[in-house]
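Reading through the structure tokens given below for one structure.
The values are calculated or read from the model by the stated rules, or taken from the named source; none is laboratory data. Quick caveat, the model's predicted, so the values are computed rather than measured. Glycine also receives a Cβ, built like all others from the backbone with ideal geometry; neighbour counts cover every protein chain displayed. Just the protein is used for accessible areas: all its heavy atoms, side chains included, with ligands, DNA and RNA removed. Shrake-Rupley method; radii C 1.70, N 1.55, O 1.52, S 1.80 Å.
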Amino acid sequence: KAKESGKNSYKFYSKDMYDKTLKYIEMSDDLRKAIENKEFVLYYQPLIDLKTDKIVGVEALIRWYHPQKGFIPPLDFIPLAEELGYIDEIEEWIIETVCRQKREWEVKGFEQIKVSINISSTTLTKEGFISKFEKILNKCSIESCKLEIEITETALISDLQQAIEAINRLKKLGFSIALDDFGTGYSSLTYLNRLSIDSLKIDREFIRYIEDENRNERYIVQSIIKLAHDLKLRVIAEGIETYRQLELLKQKSCDIGQGYYFSKPVPSEEIEKMFTSN
Ligand code: C2E
Ligand code: MG
Ligand code: MG
Ligand code: MG
């Protein structure tokens with residue numbers, strides 16, 4: 001009997017492997033086509049100053065609309081794009097698109113709005129990436145200080161020294177740097193100590209539970225805010241969904257808020273309407 005079930009599980013495993021491989025090949029192929037056919041769009045989600053309740057920035061978030069399969073979330077294809085070496089090309093497109101959009105907003109009178117871009121650490125440490133970035137910036141006449149680069153700490157781990165060097169170069173060029181998803185990585189405090197960053201984004205997982213008095217999240221968030229302020233960093237809370245969460249964060253002097261409570265990520269025309277009534 002044991003042998004039989006062993007055999008069955010082997011069969012199941014191998015079928016599973018086969019399906020996974022097939023799906024992988026299909027996805028790789030789809031991704032290649034998506035780049036060629038420009039199936040990506042950027043959505044923008046507002047970042048709100050919690051003292052003035054005004055939009056001070058937006059985060060650019062990539063969206064992939066597959067012609068047959070529909071919407072594919074970024075976390076389902078960004079890691080694959082990194083693995084296949086497509087991420088640079090995608091991110092170059094993102095940077096171009098953001099810079100052009102930023103320029104358009106400036107012309108329309110919304111100069112104050114900063115734009116945040118997520119950059120994969122694979123790209124960050126790639127030879128020639130930073131100079132390419134600078135070129136695009138100059139072409140669109142965008143000031144680097146109007147852009148914030150978001151880096152996820154989990155992704156930094158593979159090569160901390162290289163990441164530090166890349167971040168320092170970006171800082172020198174005038175970009176703002178934010179540490180994304182703070183609290184979910186492995187050695188957050190090491191990063192805080194060794195990277196020259198401007199902002200900390202507290203991960204949504206902590207914000208989700210701050211209303212619950214029986215959980216630790218509230219105190220963790222409070223301590224992160226205190227720590228960030230002591231280090232002269234700006235704190236951004238991700239994933240604010242309720243008024244109560246917002247209230248608590250304001251009480252604890254969190255600087256910036258982002259989340260569905262304010263707005264989901266939306267197309268550029270929609271965010272523009274929000275700027276108008278800002
Ligand atoms: P992230 O940079 O931490 O982005 C925040 C994510 O949280 C976004 O998911 C956003 O839609 C979602 N979010 C914002 N507010 C709320 C909320 O109140 N509730 C909930 N449940 N979710 C909220 P999204 O767009 O699916 O992106 C997921 C991740 O994919 C991003 O996490 C980022 O790591 C990556 N990503 C997205 N766009 C890009 C990109 O252009 N380049 C790179 N390298 N990565 C990207
Ligand atoms: Mg981000
Ligand atoms: Mg985040
Ligand atoms: Mg996140």
Quiz prompt | Listed residues 77, 206 arranged by accessible area, highest first, probe 1.4 Å | solution = 206, 77
Quiz item: residue 193 versus residue 63, label points 7 Å from Cα toward the beta carbon: distance in nm?
Solution: 4.3 nm
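Please say if the stretch 180-278 is rounded, prolate or oblate, where rounded means a/c under 1.5 for a ≥ b ≥ c the square roots of the C-alpha gyration tensor eigenvalues, and otherwise the choice is prolate for a/b larger than b/c and oblate otherwise?
Working: a/c = 1.99, a/b = 1.36, b/c = 1.46.
Verdict is oblate for the stretch 180-278.
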Quiz prompt | Whole-number D in µm² s⁻¹ for the stretch 45-139, Kirkwood Cα-pair radius fed into Stokes-Einstein, 37 °C, 0.692 mPa s | solution = 219 µm²/s
Self-check item: Virtual spin-label span in nm between residue 173 and residue 127, 7 Å along Cα→Cβ
Solution: 1.7 nm
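When only DSSP loop residues count, what GluC sites (Glu not before Pro) in the stretch 102-189 have their Cβ near at most 15 other Cβ atoms within 10 Å? Intermediate results must be reported in sequence, preceding the final value.
Details: sites: 104, 106, 111, 127, 134, 143, 148, 150, 153, 165; in loops: 111, 127, 143.
Qualifying residues, ordered by number: 111, 127, 143.
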Quiz prompt | Simple Cβ-charge dipole of the chain, Lys/Arg +1 and Asp/Glu -1, about Cα centre, in debye nearest 20 | solution = 240 debye
Quiz prompt | Eligible aspartates and glutamates near residue 132 by straight Cα distance, threshold 12 Å, same-chain separation 8 or greater | solution = 88, 89, 91, 92, 96
Quiz item: Between the stretch 126-194 and the stretch 221-247, what is the C-alpha centre distance in whole Å?
Solution: 21 Å
Exercise. With a Förster radius of 30 Å, plug the Cβ-Cβ distance of residue 20 and residue 159 into 1/(1 + (r/R0)^6) and report the FRET value to the nearest 0.05.
Key: 0.60
Quiz prompt | Solvent exposure ordering (accessible area, 1.4 Å, most first) of 124, 173, 231 | solution = 231, 173, 124
Quiz item: How many percent of DSSP beta bridges within the chain run antiparallel, rounded to 5?
Solution: 40 percent
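Between residue 273 and residue 53, what length comes free when the chain is fully extended (0.36 nm per residue of separation minus the Cα-Cα distance, one decimal in nm)? Could you put the intermediate results ahead of the total?
Numbers: separation 220, 0.36 × 220 = 79.20 nm, distance 1.60 nm.
Length gained, residue 273 through residue 53: 77.6 nm.
Kindly provide the helix-only [θ] at 222 nm of the chain, computed as the sum of -39,500 (n - 2.57) over DSSP H runs of four or more divided by all residues, to the nearest 500 deg cm²/dmol? Write down the numbers at each step before the final one.
Details: 12 runs with 142 residues, N = 278.
Computed mean residue ellipticity for the chain: -16000 deg cm²/dmol.
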Quiz prompt | Stokes-Einstein D (µm²/s) once Rh is taken as the Kirkwood radius of the stretch 142-224 over alpha-carbon pairs, at 4 °C in 1.567 mPa s | solution = 95 µm²/s
Practice problem: Mind listing the lone cysteines of the chain, meaning no other Cys beta-carbon sits under 4.7 Å from theirs? | Solution: 145, 254
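Give me the net charge of residue 152's neighbourhood, meaning all other residues with Cβ under 11 Å from the Cβ of residue 152; Lys, Arg count +1, Asp, Glu -1. Walk me through the numbers on the way to the answer.
Details: positive: 201; negative: 150, 153, 180, 181, 203.
Summing Lys and Arg as +1 and Asp and Glu as -1 gives -4.
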Quiz item: According to a simple spin-label model (label point 7 Å from Cα along Cα-to-Cβ), what is the distance in nm between residue 227 and residue 244?
Solution: 2.6 nm
Quiz item: Once the principal axes of the Cα atoms of the chain are found, what is the range along each, listed largest first in whole angstroms?
Solution: 67, 51, 39
Practice problem: Name the most mobile residue of 220, 197, 167, meaning the one with the largest mean-square fluctuation, in a Gaussian network model of the chain with Cα contacts below 10 Å. | Solution: 220
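Given a 1.4 Å probe, how much area per residue of the chain is accessible, in Å²? Write down the numbers at each step before the final one.
Numbers: 14960 Å² over 278 residues.
Here the residues of the chain average 54 Å² of exposed surface.
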Practice problem: Just read off the accessible area of residue 38 with the full protein assembly in place, 1.4 Å probe, to the nearest 10 Å². | Solution: 140 Å²
